[in-house]
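Here the structure is laid out as structure tokens; the discussion comes afterwards.
The values are calculated or read from the model by the stated rules, or taken from the named source; none is laboratory data. A quick note: this is a predicted structure, and the numbers were derived from the prediction, not measured. A quick note on method: Cβ atoms are made from the backbone with ideal geometry, for glycine too, and the neighbour counts reach across all protein chains shown. Accessible surface is based on the protein model in full, side chains and every heavy atom, while ligands, DNA and RNA are left aside. Shrake-Rupley method; radii C 1.70, N 1.55, O 1.52, S 1.80 Å.
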Amino acid sequence: MDKFQKMAREQLKMMPENVLIHIGKCGGTSLRLALREGNIGLYEEVHIKQPIIDESHKYFIVTRSPIARSLSAFNWRFHLVVTTDQQPDRFAGEKQILLKYKTMNSLAEALYFSNGTANALAQGNFRSIHHLGENISFYLSELLNKLGAKQIGGVFSQESLADDAQRILGISVAAQTHRHKSQTLPEMLFLSALARRNLTRFLRDDFRCMDILDDWGKLSPIGSAALAQEKAWAVYDDESDH
């Protein structure tokens, strides 16, 4: 840890107005545990709710590229609700929706009809799955519209979480809690060109939030590259169709 990291860490300990915005399926649980071990206090951790907007607060955001986050959220809920039957009735109707589509690819392909119009049923089903309804824009749209870059204390990208935590706060993050990708069947990870294109369109507000953070220089190079790759998918997939 260099002297600047030490100074930042000591300053954070003295600032009760630190707010951690823990967007689901981005590695926030692992970061929260590391903050606790590092004795870095938080005014509030925001999870499954929208943050209170206050210019005197510093906001630390745990985020991830939108499509990867959505895929992870679908698969994690499928694991808890269907595969292991740990939470079959936590949210009304969720299990039926997961069983109807079975994969994110199937759900994503159904978001729009072949003529390009919205499939209201499929889009409503998407939003009814835990963590998909509480998307990136749910947490950040109003915050980023009303505040500026100086109120963002740091952004931790899931793609570079350990490096970001060390760079921003000088703390170490252990292996990410709830990470189960290695145990996920390949068909659960597959996304067709149509699915990627539909998700890029459907998650446009999430991409807008991420673009703002990227324009403010808040994303790590790895996080920025992951975002750019997902945005490029739609262009590449459109061109490959012709």
Calculate what fraction, in whole %, of the accessible area of the chain sits on carbon and sulfur atoms when a 1.4 Å probe is rolled over the protein chains. 52 percent
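Provide the packing ranking of 213-224, 25-36, 113-124, 64-75, i.e. peptides ordered by the mean count of other C-beta atoms within 10 Å per residue, highest first.
Top to bottom by mean Cβ count within 10 Å: 64-75, 25-36, 213-224, 113-124.
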Send over a whole-number figure in Å² for the accessible area per residue of the chain, probe 1.4 Å. 49 Å²
Cβ-placed point charges (K, R +1; D, E -1), dipole of the range 82-215 about Cα centre in debye, nearest 20: 220 debye
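According to the square roots a ≥ b ≥ c of the eigenvalues of the Cα gyration tensor, what is the shape class of the range 115-165, taking rounded for a/c under 1.5, prolate for a/b larger than b/c otherwise, and oblate for the remainder? Don't jump to the answer; show the numbers that get you there.
Numbers: a/c = 2.92, a/b = 1.83, b/c = 1.59.
Prolate is the answer for the range 115-165, as a/c is 1.5 or above and a/b outweighs b/c.
Across the chain, how many lysine pairs, 8 or more positions apart or on different chains, have C-alpha atoms separated by under 16 Å? Please give the number. Display every interim value, and only then the final one.
Working: 3/13; 13/58; 25/49; 25/181; 58/146; 58/150; 58/218; 150/218.
Close lysine pairs under the 16 Å cut-off: 8.
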With every protein chain left in place and a probe of 1.4 Å, what is the accessible surface of residue 202, to the nearest 10 Å²? 30 Å²
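If the only charges are +1 at each Lys and Arg Cβ and -1 at each Asp and Glu Cβ, what is the size of the charge dipole of the chain around the Cα centre, to the nearest 20 debye? Walk me through the intermediate numbers first.
Numbers: 29 positive and 28 negative charges, 85 e Å.
That gives a dipole near 400 debye.
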Please state the Cα pair-distance histogram of the chain with 10 angstrom bins from zero: what percent is in each bin? 7, 30, 35, 20, 7, 1
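Sum -39500 (n - 2.57) across every DSSP H segment of at least 4 residues in the chain, then divide by the residue count to get the 222 nm mean residue ellipticity, nearest 500. Please list the in-between numbers first.
Working: 12 runs with 122 residues, N = 242.
Roughly -15000 deg cm²/dmol at 222 nm, from the helical runs in the chain.
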Quick one: net charge around residue 19, please, counting Lys, Arg +1 and Asp, Glu -1 for every other residue with C-beta under 11 Å from its C-beta. -3
Neighbour net charge for residue 45 - beta-carbon separation under 11 angstrom, K R +1, D E -1: +2
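Restricting to the chain, what percent of DSSP beta bridges are antiparallel, rounded to 5?
Details: 1 of 14 bridges.
Of the beta bridges lying entirely in the chain, close to 5 percent run antiparallel.
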Residue 37 versus residue 150: modelled label distance in nm, points set 7 Å from Cα along the beta carbon direction: 3.5 nm
